[in-house]
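**Q** This is the structure I want to talk about, given as structure tokens.
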Amino acid sequence: MTATPASADDVLKIDIDGNVAIVTINRPQMRNALDEAAVAKIDAFFSNIPPEVGAVVLQTEGPHFCAGLDLKEHHAKRRSPTEFMRVCQGWHRAFDKMQHGGIPVIAAMQGAVVGGGLELAAAAHVRVADRTAYFALPEGQRGIFTGGGATVRVARIITPGRMIELMLTGRVIDVEEGQRLGLAHYIADDARATALELARKIAGNARLSNYAIVTAINKISDMSATDGLYTEGLIMCMVQTAIDDVQGRLGDFVEKRTEKVQL
């Protein structure tokens, strides 16, 4: 495993483990709440992922995944509406690069996955929670509104009606209900270990297939049925251009060198 030079004060720590990057948000004293500097570092990493990386594990230090927007910074800066609009756009850019950048992202979640922390998790493609994880959107009680993409990503996962109820009531969802709603795909005793195991498996897929899966499906879901079907065919044709990888993997199946899908 190789790592970037890091100090205890680094907001973001990057480790490269073979073809998997492990990205660790390091603000445990703030429950990993995201300030402008942390979002900028997330943006910078996902803007320039090392070419050998086939999957990313997103995790955080301490007992909580992310408590959302750094309200201490927000209160101190007394941002104008225009200034805060730019902050929201910064979150949107960073999280869009996570979701649509072409590299699968697996989030390992524990403790609070709240507000902007849930927006961060929703930008990942696979979400693994340990049994301490819980979810909430407390913006209504804070006198604010979501600004990091929840109305698009979280509402798509749990439905707009459920999101409205969570924001109005401030209700906290435990990990089991979170999994039923789709906020977590897996519940594990060790979320980090499970996320890393999944990342290694995913990184072993055909790179162009992974790219298509994480960039095309959400965009197709925004299209009409006719446009979506046409786009699906085009994406399939694009994936087929990786002819050596495609033929090799299909050949392994035809020659019974790979296991069949079965329960």
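**Q** Out of Ala242, Ala188, Ala225, I need the residue that is of a type outside the set (D, E, K, R) and within 25 Å of Val57 (Cα to Cα). Which one?
**A** Working: Ala242 fails: within 25 Å of Val57 (Cα to Cα); Ala225 fails: within 25 Å of Val57 (Cα to Cα).
Within the list Ala242, Ala188, Ala225, the selection yields Ala188.
**Q** Could you pull out the residue among Gly228, Gly182 that is on the phi > 0 side of the Ramachandran plot, surrounded by 11 or more Cβ atoms within 10 Å (Cβ to Cβ), of a type outside the set (Lys, Arg) and in contact with a helix residue (DSSP H, G or I) (Cβ under 7 Å, 6 or more places away or on another chain)?
**A** On the way: Gly228 fails: on the phi > 0 side of the Ramachandran plot.
That would be Gly182, the only listed residue that is on the phi > 0 side of the Ramachandran plot, surrounded by 11 or more Cβ atoms within 10 Å (Cβ to Cβ), of a type outside the set (Lys, Arg) and in contact with a helix residue (DSSP H, G or I) (Cβ under 7 Å, 6 or more places away or on another chain).
**Q** Pairs please, first residue from segment 163-186 and within 20 Å of Ile106 (Cα to Cα) and among the hydroxyl-bearing types (Ser, Thr, Tyr), second anywhere and modelled with pLDDT of 95 or more and surrounded by 13 or more Cβ atoms within 10 Å (Cβ to Cβ), Cβ atoms under 8 Å, 6+ apart in sequence or on different chains.
**A** Note: pairs meeting the criteria are Tyr186/Val126; Tyr186/Arg127; Tyr186/Val128; Tyr186/Ala129; Tyr186/Gln179; Tyr186/Thr194; Tyr186/Leu198.
**Q** Of everything in segment 6-52 that's acidic (Asp, Glu) and part of a helix (DSSP H, G or I), which residue is nearest to the chain's Cα centre (by Cα)? Before the answer, list the steps.
**A** Filtering segment 6-52 for residues acidic (Asp, Glu) gives 9-10, 15, 17, 35-36, 43, 52.
From what is left, the residues that are part of a helix (DSSP H, G or I) are 36, 43.
Numbers: Glu36: 18, Asp43: 13 Å.
That would be Asp43.
**Q** Does Val57 satisfy the criteria of being in a strand (DSSP E or B), in the same structural domain as Thr194 (by TED's automatic domain parsing) and touching a Leu at 6+ places or on another chain (Cβ under 6 Å)? Walk me through it before giving the result.
**A** Numbers: in a strand (DSSP E or B): yes; in the same structural domain as Thr194 (by TED's automatic domain parsing): yes; touching a Leu at 6+ places or on another chain (Cβ under 6 Å): yes.
When the stated conditions are applied, Val57 passes them.
**Q** Of everything in segment 30-69, what is under 17 Å from Gly111 (Cα atoms), buried (at least 16 other Cβ atoms within 10 Å of the Cβ) and among the acidic types (Asp, Glu)? Give them in sequence order.
**A** none
**Q** When you go through Gly148, Gly117 one by one, which is the residue that is in contact (Cβ under 8 Å) with a residue 40 or more places away in the chain, buried (at least 24 other Cβ atoms within 10 Å of the Cβ) and in a helix (DSSP H, G or I)?
**A** Details: Gly148 fails: in a helix (DSSP H, G or I).
None of the others qualify; the one that does is Gly117.
The values are calculated or read from the model by the stated rules, or taken from the named source; none is laboratory data. On a predicted model such as this, the values are computed, not experimentally measured, just so you know. For neighbour counting, all protein chains shown are included, and Cβ atoms are generated from backbone atoms with ideal geometry for every residue, glycine included.
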